[in-house]
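The values are calculated or read from the model by the stated rules, or taken from the named source; none is laboratory data. Predicted, not measured: the structure shown is a model, and the values here were computed from it. Here the Cβ positions follow ideal geometry from the backbone for every residue, glycine too, while neighbour counts run over all protein chains shown.
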Amino acid sequence: MKFSTIFLLLFFFTQVATSQSDPTETMDRTYQDSTDIPVKYCLIIPSGKFLSKYIDIQIDYGQEQAIFKNSYIRDEDGNKRTFNSIVHALNYMDSLGWELVKTYSEQETENNFRSYYLFKSEGDATLPINQETR
């Protein structure tokens, strides 16, 4: 009796495990590499630099993120671009043709909030990042 119960449970779990598919197999391949699709929305996330008055801006436009690598706004040479303030970054995005759609904040810790800025493009905006993430 115990053997048959264990056998049935083992059979059931192997069927469930093999029936699940890898999401990358079923996902449309064009969405894995963001260079294949037009980028219409992007999200920027400002972060302060340690012991500095300047800020760095991470950008998310739907690209696949590697572990321990971030996509920052970069200049033409691929160097991370720093900004004097978030207003400086917002003006920079506007100069590239991006329209600010929404802002929101999330509480990370009791006294710390992270802000997010959602932008929209009508298709003619420049993506402010070197395609290689560092």
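Among the residues of region 59-90, write down those that are acidic (Asp, Glu) and at pLDDT 80 or above.
Across region 59-90, the qualifying residues are Asp60, Asp75, Glu76, Asp77.
Those residues that are in contact (Cβ under 8 Å) with a residue 12 or more places away in the chain, assigned to a strand (DSSP E or B), in contact with a Phe, Trp or Tyr (Cβ under 9 Å, 6 or more places away or on another chain) and exposed (fewer than 14 other Cβ atoms within 10 Å of the Cβ), I need them from region 81-117; list them, please.
Passing the criteria: Glu99, Leu100, Val101, Lys102, Thr103, Tyr104, Ser115.
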